[in-house]
Structure formats: C-alpha cells, structure tokens
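Values in this text are rule-based calculations from the coordinates and carry no lab data. Quick caveat: nothing in here was measured; it's all calculated off a predicted structure. For neighbour counting, all protein chains shown are included, and Cβ atoms are generated from backbone atoms with ideal geometry for every residue, glycine included.
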Amino acid sequence: MADVQFDLSFDGTLAPDADPSAVRRQLGALFKLDEPGIARLFTGKSVFVRRAVDVATAAKFERVFAQAGAVLIITPCEDSSDREAAPDRASAPSAPMSSEPSGLALAPQDGFLENPGPVKMPDLDTSYLSLVSSPDWSLEDCEPAVAPAPAADLSHLSLAAIDPTPDLRDHTD
C-alpha cells in the first residue's frame, strides 16, 4: 500500500467557524495567487490542487488547508496505468468532482498554479546615454566629487575676560 496515491482538490468549502476573507488571503499566499486566481478557487467547482501525491503529502496539504479554515477533498487516484494512458481525463464518475475547470491546470510540485503573464516592454533606445563623456574613463571617474567642508566665519566673535564670581562658601550670615 506504499504506492497508494491521492488527488487533492478544493471546491471552496470552508470550515464552519472560518472567516472567508482570511481563508481567501491565506490560500492566496499559500499558492502565490493574484485576485483572479483566488476567485477561481472559490467558484464552487472543484479545482485540482495536486494530483497523484503520496499519503504524507496529502496529510500535509490537509493540515495546511485546515489551518487556513478550508476543507480539502482527498480522493484515491485511478490506477497508474490508466492515468498514464489518459493523463488529461477527468476523475471517475464516483469521485466528488466531475471535471477540471478550464483555465486551471495542475502546477508542478513547489510550483505556481498560474503561469505569469507576458510582460510587454516597449523597445527603448538607450544608445545615446553614457556615464562619462570621454571614451577613456575608469571607475574612479564615476565617484561623486567630495565637496570641501565650508570654513566657519568666526569674525563676529570675540574673547572677553571672565568676571570673577563670588564664592558662595565665603558668605557667612
């Protein structure tokens, strides 16, 4: 039975005493999801979190989901030979989930649920920029110039003699 594997899925079910906003925030941080990704977890449809995990991993995920206030669905995997023959096939009809929602896929272990979107950067021409004006320069040329400390103007000050103050111990009443 050491080779028994499980599929882990989540359908948005929360623990009875769980705060929905706290659960959403914790699951979003756990899977590193943005707001649309978090919203897809809570559509009411089953979303596969991990597939074909061992007992220890299933228990770890169940504990993490329970601490967050969510209920994780753990179902035994189909036979591994069937899984290899049809990796994209939905779960068996007796399983609590009927199909995988479109737009979500199983992330690799220690991976992200969503691929980062492409970043569109404009082509910038930086050929006219330069750190220094001449072609023969060194890193010493890039050091900022140290401004000398300004000299203090003391011309308005003068020295005066100190008036002797009477010693208070000499006074006797």
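I'm checking my understanding of the structure. Among residues of region 1-48 that are of a type in the set (D, E) and part of a loop (DSSP other than H, G, I, E, B), which one is farthest from the chain's Cα centre (by Cα)? Can you show your working first?
To start, the set of residues in region 1-48 that are of a type in the set (D, E) comprises 3, 7, 11, 17, 19, 34-35.
Okay, now just the ones that are also part of a loop (DSSP other than H, G, I, E, B), so 3, 11, 17, 19, 34.
Numbers: D3: 33, D11: 23, D17: 27, D19: 21, D34: 10 Å.
If we take residues in region 1-48 being of a type in the set (D, E) and part of a loop (DSSP other than H, G, I, E, B), then D3 is farthest from the chain's Cα centre (by Cα).
When restricted to residues that are within 9 Å of F6 (Cβ to Cβ) and of a type in the set (D, E, K, R), region 47-67 contains 3. Scanning region 11-39 for residues that are crowded, with 17+ Cβ neighbours inside 10 Å and of a type in the set (K, R) returns a single hit, R24.
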